[in-house]
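Peer 1: Pasting a structure here, questions to come.
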Amino acid sequence: MKWSLLALCIGFAIDLIAGDPHKIPHPVVFIGKLISVLEKGLRKVFPKSVRGENTAGAVLWLLVVTISTAIPVALLWLCHTISPWLRLAVESMMCWQILATKSLRDESMKVYAALKTGDIEKSRLAVSMIVGRDTAELDGAAVTRAAVETVAENTSDGIVAPLIYLVIGGAPLGFFYKAVNTMDSMLGYVEPPYKNIGLVPAKMDDVMNFVPARISALMMLAAGWILKMDVKNGWKIFRRDRFNHASPNSAQTESVCAGLMGLRLGGDAVYHGVLHKKKYIGDAVRSIEYTDIFRACHLLYATAILSLILFAGIKFLLLVVM
C-alpha cells in the first residue's frame, strides 16, 4: 500500500507536467474498444427486447470492469515479483494515465483561446471535443458556459473521484473506476440505441460517483476559499441547486462552481438532435465571460492539488498507525 501511495503522488506530478500525450496509447482507448466489441457481441446474443438489452448491459458492465481491474492486478503482481521498483514505475505510469488534470485544462483552454480571437466556428469545434451536446448553433456565451460546466463536472469525474479510488485501492481500483466512467460516457444515453443496454452502466456510474461527487463539491468549496472566491454564495448555490440535473451527481460540483463564480450554468441543451429540458444552476450575478474558463481552470487545479494533499495525507497517517 505504501508503494501505491508513492506511485499515486508520482503519477499525479507527471500528469500535471505532461498531461495526456496523444502519441502514447492510452488505456482508456483500449477500454473503449473493449466496450464496443462486447456491446456488438452481446447485442447478437441477447434478445432485442427491453429486458434482453437490459440484461446485455448488465453482463457488459460486469465483463468490462472485471477485465479492466484484473489486467492491472496481474501486471503489477508480475512486476513486483521482478522488483518493487519496477512495480513502482509501472503503477506510477498507470496513475498518471488514470488522472486527467492537465488534459482537462488544456482542452478547455483551447476553447478559451478560440473565443479570445472571436472565431465562433473554431470555438464551437473546440468545445465539441469536450462536451456531449450539439454545438453547431451555440453562441459565444453558450460555448463558454458549456466549457465551464465541463470543467466543473469533470473536476469530480476526471480528478477527485479517481484520486479517491486510487488512494483506496491503487491503480487496479483506479482502472475499475475509469471503466465504469467510460461505459457511462459511451452508453449512458436515454435515446436509442443505448437507452436499454446503457441502463445498468449509467446507474452503476451514479452509484460509484455518489460519494465522490459530494466529496468533490466540498473540496471545490475549500479550494474556492483558498482562491478568495465567494464561498458563502458557493455554499448557498450548492445547497439549493445540487440536484438540478438529471444525474444525481453532475450538479454537485457544477453548483459549487456556479456559486463561487457568480454564474448561471445549466439550462436546455441539444443532444444528438434532441432538445433536453434542463434546470438552471446558480444565479446570474454577472454575465458569463470567456475568461471564466480560465478562472474555472484555476479552481480545477486548486481542487486537484488540495484533494491529493488531503487524501494522501489521510492514507499516510493510516499506514503509520497500522
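The values are calculated or read from the model by the stated rules, or taken from the named source; none is laboratory data. Quick caveat: nothing in here was measured; it's all calculated off a predicted structure. Cβ placement follows ideal geometry from the backbone for every residue including glycine, while neighbour counts extend to all protein chains displayed. Protein only, heavy atoms only, side chains kept; ligands, DNA and RNA dropped before computing areas. Shrake-Rupley method; radii C 1.70, N 1.55, O 1.52, S 1.80 Å.
Peer 1: With a cut-off of at least 2 residues that are closer than 21 Å to LEU16 by Cα, open to solvent by less than 80 Å² (accessible area, probe 1.4 Å) and not aromatic (Phe, Trp, Tyr), name the helices (runs of 4 or more DSSP H) lying wholly within segment 219-322.
Peer 2: Details: elements: 231-241, 250-261, 291-321.
Output list reads 291-321.
Peer 1: Another one. Starting from segment 139-153, take each residue that is outside any helix (DSSP H, G or I) and list its partners that are β-branched (Val, Ile, Thr), counting only C-beta distances under 8 angstrom and pairs at least six apart or across chains.
Peer 2: Hits for this filter: ASP139/ILE120.
Peer 1: With respect to ALA13, determine if the residue is surrounded by fewer than 17 Cβ atoms within 10 Å (Cβ to Cβ), under 27 Å from LEU300 (Cα atoms) and modelled with pLDDT under 95. Break it down stepwise before answering.
Peer 2: On the way: surrounded by fewer than 17 Cβ atoms within 10 Å (Cβ to Cβ): yes; under 27 Å from LEU300 (Cα atoms): yes; modelled with pLDDT under 95: no.
In short, no.
Peer 1: Something else now. Can you tell me which residue is most open to solvent (accessible area, probe 1.4 Å) among those in segment 76-88 that are farther than 22 Å from ILE31 by Cα and among the aliphatic types (A, V, I, L, M)? It would help to see each step written out before you state the result.
Peer 2: Going residue by residue through segment 76-88, those that are farther than 22 Å from ILE31 by Cα are 80-86, 88.
Remaining after also requiring among the aliphatic types (A, V, I, L, M): 82, 86, 88.
On the way: ILE82: 118, LEU86: 66, LEU88: 15 Å².
Top of the filtered list is ILE82.
Peer 1: Further, regarding this structure: Scan segment 276-297 for residues that are of a type in the set (Phe, Trp, Tyr) and without any contact (Cβ under 8 Å) to a residue 60 or more places away in the chain and jot them down.
Peer 2: TYR280
Peer 1: Could you check how many residues of segment 188-225 are of a type in the set (A, V, I, L, M) and over 17 Å from THR155 (Cβ atoms)?
Peer 2: Count: 7.
Peer 1: Let me confirm something: among ASP119, ASP157, ASP134, which residue is at pLDDT below 95, of a type in the set (D, E, K, R) and within 23 Å of ILE31 (Cβ to Cβ)? Lay out the reasoning, then the answer.
Peer 2: Working: ASP119 fails: within 23 Å of ILE31 (Cβ to Cβ); ASP134 fails: within 23 Å of ILE31 (Cβ to Cβ).
After ruling out the rest, the residue left standing is ASP157.
A quick yes/no check of all residues on (1) open to solvent by less than 60 Å² (accessible area, probe 1.4 Å); (2) assigned to a helix (DSSP H, G or I); (3) at pLDDT 95 or above:
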residue: VAL59; (1), (2), (3): yes, yes, yes
residue: VAL65; (1), (2), (3): yes, yes, yes
residue: SER108; (1), (2), (3): yes, yes, yes
residue: VAL127; (1), (2), (3): yes, yes, no
residue: ILE130; (1), (2), (3): yes, no, no
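Peer 1: Out of segment 113-125, which residues are touching a residue at least 60 places away in the same chain (Cβ under 8 Å) and either in contact with a His (Cβ under 8 Å, 6 or more places away or on another chain) or surrounded by 22 or more Cβ atoms within 10 Å (Cβ to Cβ) (or both)?
Peer 2: Selection gives LEU115 alone.
Per-residue answers, yes or no, for (1) in a helix (DSSP H, G or I); (2) buried (at least 21 other Cβ atoms within 10 Å of the Cβ):
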residue	(1), (2)
ASP20	no, no
LEU38	yes, no
ARG43	yes, no
SER68	yes, yes
VAL73	yes, no
VAL90	yes, no
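Peer 1: Can I ask one more? Would you please list the contacts, defined by Cβ atoms under 6 Å and residues six or more apart or on different chains, that run from a residue in segment 183-211 that is closer than 18 Å to PHE243 by Cβ to a residue that is part of a helix (DSSP H, G or I) and open to solvent by 30 Å² or more (accessible area, probe 1.4 Å)?
Peer 2: ALA202/ASP184; ASP205/ASP184
Peer 1: Oh, and also: Which condition breaks for VAL207 when tested against (1) buried (at least 20 other Cβ atoms within 10 Å of the Cβ); (2) assigned to a helix (DSSP H, G or I); (3) among the aliphatic types (A, V, I, L, M)?
Peer 2: (1)
Peer 1: Kindly provide the set of residues from segment 22-36 that are assigned to a helix (DSSP H, G or I) and of a type in the set (Val, Ile, Thr), ordered by number.
Peer 2: VAL28, VAL29, ILE31, ILE35
Peer 1: Restricting segment 232-275 to residues that are farther than 24 Å from SER307 by Cβ and without any contact (Cβ under 8 Å) to a residue 12 or more places away in the chain, which is farthest from the chain's Cα centre (by Cα)?
Peer 2: Per the criteria, the residue is LEU275.
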